[in-house]
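Please read through the structure below; I'll follow up with questions.
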Amino acid sequence: MNKITRFNLELKDIPGQLVEVLEPFSKYGANIESVVHHREKKTPRGKVPVEIKVRVEEDRLKKITKSLKEKEVEIVEIDEKTEITSFNIILIGHVLHTGIKDTINRIDQTGYAEVVDLSLSMPEIKEKSSAMLRLELEAPEKKNKVLDILNEISEEKDLEVIKEISV
Amino acid sequence: MNEMKILIRGFGTVGQEVARVLDKKRNVFKDKFGLKFDLVGVEDSKGSALSEDGLNIERLLSTKKKTGSIKEKGDKLGINEINYDLLIECTPTNIKDGEPGLSNILNALKDGNDVITSNKGPLALKWNKLAKTAEKNNAKLKFEATVGGAIPIINLAENSLASNKISSIIGILNGTCNYILTRMAAESLPYEHVLNEAQDLGIAESDPTYDVEGIDTALKMVIIANSILGAEASYQDVDIKGIKEITTESLELAEEKNKTIKLLGKADKEKIEVEPRMVPKDHPLSVGGTLNIATLETDLAGEITVTGKGAGASETASSVISDLIEIWKERN
């Protein structure tokens with residue numbers, strides 16, 4: 001029996017998105033267990049989180065993921081435990097003064113990881129700021145390498161790194 | 001064993017509560033488990049009260065309340081001369097050298113007496129020595145109360161999940177930190193503000209270092225890793241990060257992604273770490289307030305999660321006395 005895999009996606013809030021997103025699942029023979037459309041949990045950028053649970057053979061997962069990426073669907077998470085190809089990270093400290101551009105560059109320059117989203121929150125000028133970064137990986141096995149780089153940066157710039165529980 | 005002779009060392013909040021519950025439930029324990037006991041000695045920081053025929057617990061508690069100590073004048077016996085079967089060790093945790101708890105426990109075990117402790121220090125610093133001494137002298141050493149207050153974590157792993165191999169444990173094991181982070185997230189208040197509030201409510205100590213820097217969580221994770229996962233870790237091996245650096249803004253950023261931040265302890269056989277992590281708000285581990293929680297990853301039963309109050313006198317006494325009943329059953 002195929003195991004259940006959970007996709008957490010974020011869709012644009014325009015008509016036809018859900019059908020568009022379900023197409024690769026149907027094409028590669030995934031059996032859909034549930035689709036939850038979280039309209040009430042819209043993200044600050046106006047996207048709608050959707051959770052899709054499917055039963056599918058492992059080797060088809062990659063094809064589905066690839067197809068979703070081609071459709072420019074934002075993949076937030078795939079089944080926390082298996083394929084982590086993107087994750088969030090919070091940095092706390094003098095994120096801006098220590099060179100946010102440099103921080104991002106050092107991740108992008110690896111060639112296998114990329115910062116695809118950034119939200120920054122600064123209270124007052126001398127106070128610590130907080131940043132949420134979303135990173136995408138070329139392959140799940142690059143995760144530890146990226147985390148090492150992040151730890152290196154955080155030590156050098158005296159930043160606190162908060163990872164996700166699944167990472 | 002006809003009757004259990006009990007000695008309590010450390011008579012603060014936990015020690016007193018254990019004595020109170022023992023007294024209150026004396027008849028229940030006798031009817032339900034055939035458990036008969038005498039409290040033959042109590043020691044606090046100022047002295048001791050000892051009687052081979054059993055102390056009057058009610059009187060002991062009221063003396064402690066009135067005078068601040070149970071020390072009785074003219075005690076003919078020394079605490080080392082009293083005969084007992086079970087030591088309940090409730091002295092405060094000391095992470096430098098584990099004393100006086102460490103010596104109290106070792107001496108009891110060397111004499112072949114069973115020990116129950118609520119004191120994390122000795123276990124987190126000298127697990128191997130304690131476990132070996134207990135084994136060598138055919139004495140039992142139980143410590144459910146050291147981890148997660150009333151929540152059965154150690155006993156769950158050792159008894160209910162005995163057929164399983166447990167590969168990792170992750171959880172929230174400090175109610176003070178959980179309270180602070182929960183309030184910061186819910187009310188968008190800064191750390192210092194919520195810490196002060198927690199101190200006013202008695203949820204945080206006047207010196208909160210031990211909790212907020214993750215030390216308490218680390219000690220508990222070491223105890224769990226050693227006793228459940230068979231690690232041979234010491235407190236010094238743990239990578240510890242506390243919650244002092246967490247900003248209101250970081251919690252707000254997490255909130256935007258329907259996540260929050262929790263101080264998590266994580267242990268497998270190789271590594272123990274304590275650090276704040278982002279947790280989805282609908283994740284089982286995302287419990288609020290002062291609650292504690294732990295998830296055990298097992299080979300047969302999958303993931304098992306237990307949650308409950310992680311601190312408090314009666315919650316801790318609940319664990320101590322469960323251990324006591326377990327020892328009674330094993331010895332009879």
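Taking segment B:192-218 on its own, how many of its residues are within 14 Å of residue B:263 (Cα to Cα) and touching a helix residue (DSSP H, G or I) at 6+ places or on another chain (Cβ under 8 Å)?
Within segment B:192-218, residues that are within 14 Å of residue B:263 (Cα to Cα) and touching a helix residue (DSSP H, G or I) at 6+ places or on another chain (Cβ under 8 Å) number 8.
Quick one: in segment B:292-303, of everything that is in a loop (DSSP other than H, G, I, E, B) and more than 14 Å from chain A (Cβ to nearest Cβ), which residue is surrounded by the most Cβ atoms within 10 Å (Cβ to Cβ)?
Per the stated criteria, the residue is B:301.
Considering only segment B:63-98, state which residues are open to solvent by 40 Å² or more (accessible area, probe 1.4 Å) and at pLDDT 95 or above.
B:85 - this is the single residue of segment B:63-98 that is open to solvent by 40 Å² or more (accessible area, probe 1.4 Å) and at pLDDT 95 or above.
If residue B:223 satisfies all but one of (1) at pLDDT 95 or above; (2) buried (at least 20 other Cβ atoms within 10 Å of the Cβ); (3) in contact with a strand residue (DSSP E or B) (Cβ under 7 Å, 6 or more places away or on another chain), what's the number of the condition it fails?
Going through the list (1) at pLDDT 95 or above; (2) buried (at least 20 other Cβ atoms within 10 Å of the Cβ); (3) in contact with a strand residue (DSSP E or B) (Cβ under 7 Å, 6 or more places away or on another chain), residue B:223 breaks only (3).
Among the numbered conditions (1) within 27 Å of residue B:247 (Cα to Cα); (2) more than 14 Å from chain B (Cβ to nearest Cβ), tell me where residue A:119 comes up short.
(2)
Of B:5, B:24, which residue is under 24 Å from the mean Cα position of the chain (by Cα), surrounded by fewer than 13 Cβ atoms within 10 Å (Cβ to Cβ) and modelled with pLDDT of 90 or more?
After applying the criteria, what remains is B:24.
Considering only segment B:256-286, how many residues are modelled with pLDDT under 95, more than 8 Å from every other protein chain (Cβ to nearest Cβ) and more than 24 Å from the chain's Cα centre (by Cα)?
2
The rows are residues; the columns are (1) closer than 20 Å to residue B:309 by Cα; (2) touching a Ser or Thr at 6+ places or on another chain (Cβ under 8 Å).
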| site | (1), (2) |
| --- | --- |
| B:191 | no, yes |
| B:214 | yes, no |
| B:221 | yes, no |
| B:238 | no, no |
| B:242 | no, no |
| B:254 | no, yes |
| B:257 | no, yes |
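I've got another one for you. What is the number of the single condition among (1) touching a Leu at 6+ places or on another chain (Cβ under 6 Å); (2) more than 24 Å from residue A:118 (Cα to Cα); (3) open to solvent by less than 30 Å² (accessible area, probe 1.4 Å) that residue B:243 does not meet?
(2)
Among (1) open to solvent by less than 80 Å² (accessible area, probe 1.4 Å); (2) outside any helix (DSSP H, G or I); (3) of a type in the set (Val, Ile, Thr), where does residue A:14 come up short?
Condition (1) is where residue A:14 drops out.
Only residues that are open to solvent by less than 70 Å² (accessible area, probe 1.4 Å) and either within 15 Å of the chain's Cα centre (by Cα) or among the small types (Gly, Ala, Ser) (or both): list them for segment B:191-209, please.
B:198, B:202, B:204
Can you tell me which residues in segment A:2-54 are more than 14 Å from every other protein chain (Cβ to nearest Cβ) and on the phi > 0 side of the Ramachandran plot?
Residues satisfying the conditions are A:16, A:29.
Filter segment B:238-272 down to the residues that are part of a strand (DSSP E or B), under 20 Å from residue B:182 (Cβ atoms) and in contact (Cβ under 8 Å) with a residue 24 or more places away in the chain and list them by number.
Residues satisfying the conditions are B:260, B:261, B:262, B:263, B:264, B:265, B:266.
Quick one: count up the residues across segment A:81-99 that are under 16 Å from residue A:153 (Cβ atoms) and either open to solvent by 40 Å² or more (accessible area, probe 1.4 Å) or more than 14 Å from chain B (Cβ to nearest Cβ) (or both).
Residues in segment A:81-99 being under 16 Å from residue A:153 (Cβ atoms) and either open to solvent by 40 Å² or more (accessible area, probe 1.4 Å) or more than 14 Å from chain B (Cβ to nearest Cβ) (or both): 5 in total.
Ok, one more. Within segment B:144-156, take every residue that is open to solvent by less than 10 Å² (accessible area, probe 1.4 Å) and in contact with a strand residue (DSSP E or B) (Cβ under 6 Å, 6 or more places away or on another chain) and give me the one that is modelled with the highest pLDDT.
Going through the qualifying residues, I end up with B:153.
I need a count of the residues in segment A:108-164 that are without any contact (Cβ under 8 Å) to a residue 40 or more places away in the chain and at positive phi.
1
Applying the selection to segment A:124-145, what residues are open to solvent by 60 Å² or more (accessible area, probe 1.4 Å) and modelled with pLDDT under 85?
Result: A:124, A:125, A:126, A:138, A:141.
Regarding residue B:31, is this residue surrounded by fewer than 15 Cβ atoms within 10 Å (Cβ to Cβ) and modelled with pLDDT of 95 or more?
yes
Just to be sure before I move on: is residue B:42 hydrophobic (A, V, I, L, M, F, W, C) and open to solvent by 10 Å² or more (accessible area, probe 1.4 Å) in the structure I sent? Spell out how you get there, then give the answer.
Numbers: hydrophobic (A, V, I, L, M, F, W, C): yes; open to solvent by 10 Å² or more (accessible area, probe 1.4 Å): no.
No; evaluated as a whole, the condition is false for this residue.
Now for a separate question. Looking at segment A:24-51 only, could you name the residues that are out of contact with any Lys or Arg (no Cβ under 7 Å at 6 or more places or on another chain) and among the hydrophobic types (A, V, I, L, M, F, W, C)?
Matches in segment A:24-51: A:25, A:32, A:35, A:36, A:50.
Could you check, for segment B:211-220, whether at least one of its residues is outside any loop (DSSP other than H, G, I, E, B), within 14 Å of chain A (Cβ to nearest Cβ), among the basic types (Lys, Arg) and buried (at least 19 other Cβ atoms within 10 Å of the Cβ)?
no
Would you confirm, using the coordinates I've provided, whether residue A:148 is open to solvent by 50 Å² or more (accessible area, probe 1.4 Å), within 13 Å of chain B (Cβ to nearest Cβ) and under 17 Å from residue B:241 (Cβ atoms)? First the steps, then the outcome.
Working: open to solvent by 50 Å² or more (accessible area, probe 1.4 Å): yes; within 13 Å of chain B (Cβ to nearest Cβ): no; under 17 Å from residue B:241 (Cβ atoms): yes.
Against the criterion (open to solvent by 50 Å² or more (accessible area, probe 1.4 Å), within 13 Å of chain B (Cβ to nearest Cβ) and under 17 Å from residue B:241 (Cβ atoms)), residue A:148 does not qualify.
Over 18 Å from the mean Cα position of the chain (by Cα), surrounded by 19 or more Cβ atoms within 10 Å (Cβ to Cβ) and touching a residue at least 40 places away in the same chain (Cβ under 8 Å): does that describe residue B:289?
no
The values are calculated or read from the model by the stated rules, or taken from the named source; none is laboratory data. Keep in mind it's a predicted model, so treat the numbers as computed, not measured. In this analysis, Cβ positions are derived from the backbone assuming ideal geometry, glycine residues included, and neighbour counts consider all displayed protein chains. Accessible surface is based on the protein model in full, side chains and every heavy atom, while ligands, DNA and RNA are left aside. Shrake-Rupley method; radii C 1.70, N 1.55, O 1.52, S 1.80 Å.
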